[in-house]
Structure formats: structure tokens, C-alpha cells
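Engineer: Please see the structure below; I have some questions.
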Amino acid sequence: MLERGSGTIINVAGMIAFSGASPAAPPQGQRAVYAGSLAGTVAMSQTLHAELEGSGVSVHVVCPGIVATEFHAVQGMDLSAVPRMRPEDVVTAALAGIELGEVVIAPGVQEAGLLETVFVADRAAFQGQSPQIASRYTKSREAAG
């Protein structure tokens with residue numbers, strides 16, 4: 001792709017990638033490894049997209065919610081009563097998201113600004129770091145001292 005100067009990479013994660021701060025109650029339950037690996041896929045896709053800027057190769061990650069596939073059934077989970085997205089709708093949204101220039105494509109999120117808010121906060125936290133310890137971590141040590 002780099003040699004020819006064009007290409008599109010599409011990774012698949014899921015909205016559970018954004019569930020890290022959610023309580024461990026159903027329906028999420030035991031999700032640390034799965035949510036963590038999907039969050040890593042999102043971060044890797046965003047980073048690789050930025051690194052390849054100007055190369056003609058774009059990277060995207062599709063983050064659907066629950067999709068009507070055999071994924072849960074093979075795990076012994078019955079989600080027949082849970083609203084699920086059709087696989088063909090995920091594909092339609094992915095292709096439309098690529099056309100819109102979205103790096104993170106969330107087919108079930110109506111308000112695109114929600115994702116942008118998350119990404120702005122991510123960038124602010126990253127850019128707001130310092131080599132000095134933050135004062136909120138030194139106050140308790142001083143009081144104990």
C-alpha cells in the first residue's frame with residue numbers, strides 16, 4: 001500500500017472499547033481483557049492513521065455495538081431479546097464513515113460529537129502531562145509528613 005501510495009485498512013473493535021469507566025454490572029460484566037484489547041485496537045488505529053498521514057494509506061476502526069451474528073451464541077449467551085445491529089448495516093456505516101473521513105466509525109452513535117468530545121479529552125490529557133508530579137499527589141504526602 002505504501003509503495004503504490006494508496007490503500008485503506010479497516011480494523012474492527014466495538015463500542016465496549018469505550019466502557020472502561022463503566023461499572024462492572026450487566027450487560028458489561030467481566031470485560032477487562034476484551035474491552036482493553038478493543039480499546040487498544042482503537043488507539044492503534046488512530047495512531048497508525050496519524051503516522052500514515054500524507055502517504056495515501058488511511059486507517060479506520062469500526063466500533064459497532066452488539067451485532068446480530070453468532071459471536072455471542074458460540075459463547076453460550078442468548079441475546080435474542082437484546083436489540084442488535086444487522087451486519088449489513090455495520091458494513092454500510094463503515095463504508096460511509098470512510099467516505100466521511102472518520103477514523104473511528106461508530107455505526108450506532110447518532111451524535112458524532114460525542115466521540116469527538118472523547119478524543120479532545122484524550123488529546124488534552126496527553127498534551128497536559130508534565131515531568132513534574134501533579135500537586136494532587138503531593139498534598140497527602142505533605143500532610144502525612
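The values are calculated or read from the model by the stated rules, or taken from the named source; none is laboratory data. Quantities reported herein were computed from a predicted structural model and do not represent experimental measurements. Ideal geometry is used to build each Cβ from the backbone, glycine not excepted, and the neighbour counts take in all protein chains shown. Each accessible area value is taken on the protein alone, full model and side chains, heavy atoms only, with ligands, DNA and RNA left out. Shrake-Rupley method; radii C 1.70, N 1.55, O 1.52, S 1.80 Å.
Engineer: Hey, what's the chain come to in accessible area per residue, 1.4 Å probe, Å²? Spell out each step's value before the answer.
Structural biologist: Details: 9990 Å² over 145 residues.
Spelled out: the 1.4 Å probe surface of the chain, per residue, equals 69 Å².
Engineer: Using the Karplus curve 6.51 cos²θ - 1.76 cosθ + 1.60 with θ = phi - 60°, work out ³J(HN,Hα) for each residue of the stretch 43-54 in order, rounded to whole Hz, and write x for Gly and Pro.
Structural biologist: Residue by residue, the stretch 43-54 yields 4, 4, 5, 4, 5, 5, 4, 5, 5, 9, 3, x Hz.
Engineer: I've got another one for you. Using amide H atoms built 1.01 Å from N in the peptide plane, name the residues 5+ places from residue 85, or on other chains, whose amide H lies under 5 Å from its own.
Structural biologist: Counting only residues 5 or more places away or on other chains, the set is 66, 67, 68.
Engineer: Sticking with this one: The list (1) 12.8; (2) 11.4; (3) 8.8 gives values of mean projected area of the Cα convex hull in nm², and only one came from this structure; which label was calculated from it?
Structural biologist: Computed from these coordinates, mean projected area of the Cα convex hull in nm² corresponds to label (1).
Engineer: For the chain, what % of the accessible area comes from carbon and sulfur atoms, probe 1.4 Å? Intermediate results must be reported in sequence, preceding the final value.
Structural biologist: Values: 5840 of 9990 Å².
C and S atoms contribute 58 percent here.
Engineer: Would you mind putting 57-67, 90-100, 111-121 in packing order, based on average other-beta-carbon counts within 10 Å, highest first? Intermediate results must be reported in sequence, preceding the final value.
Structural biologist: Working: 57-67: 20.8, 90-100: 15.5, 111-121: 11.9.
Ranked from most to least packed, the peptides come out as 57-67, 90-100, 111-121.
Engineer: For residue 9, enumerate residues with amide H under 5 Å from its amide H, sequence gap 5+ or separate chain, H modeled in the peptide plane.
Structural biologist: Counting only residues 5 or more places away or on other chains, the set is 58, 59, 60.
Engineer: Divide the volume of the convex hull of the Cα atoms of the stretch 28-92 by its number of residues and quote the answer in cubic angstrom per residue. Write out the running numbers ahead of the final one.
Structural biologist: On the way: hull volume 6.8 nm³, N = 65.
Measuring per residue, one finds 105 Å³ for the Cα hull of the stretch 28-92.
Engineer: 7 Å from Cα along Cα→Cβ at both residue 10 and residue 82: what's the point-to-point distance in nm?
Structural biologist: Rounded to a tenth, the inter-label distance reads 2.3 nm.
Engineer: Per-residue ellipticity at 222 nm for the chain, helices alone: DSSP H runs ≥ 4 residues times -39500 (n - 2.57), over residue total, nearest 500 deg cm²/dmol? Write out the running numbers ahead of the final one.
Structural biologist: On the way: 4 runs with 60 residues, N = 145.
Calculated mean residue ellipticity at 222 nm is -13500 deg cm²/dmol.
Engineer: Taking amide hydrogens as modeled 1.01 Å from N in the peptide plane, which residues meet the under 5 Å criterion relative to residue 104, leaving out close sequence neighbours?
Structural biologist: 61
Engineer: When averaged across all projection directions, what area in nm² does the alpha-carbon convex hull of the stretch 72-142 cover? Walk me through the numbers before you get to the answer.
Structural biologist: Values: hull surface 37.9 nm².
Mean projected area for the stretch 72-142: 9.5 nm², to one decimal.
Engineer: About the Cα centre of the chain, what is the dipole size in debye to 20, counting +1 per Lys and Arg Cβ and -1 per Asp and Glu Cβ, all else neutral?
Structural biologist: On the way: 8 positive and 13 negative charges, 124 e Å.
I would put it at about 600 debye.
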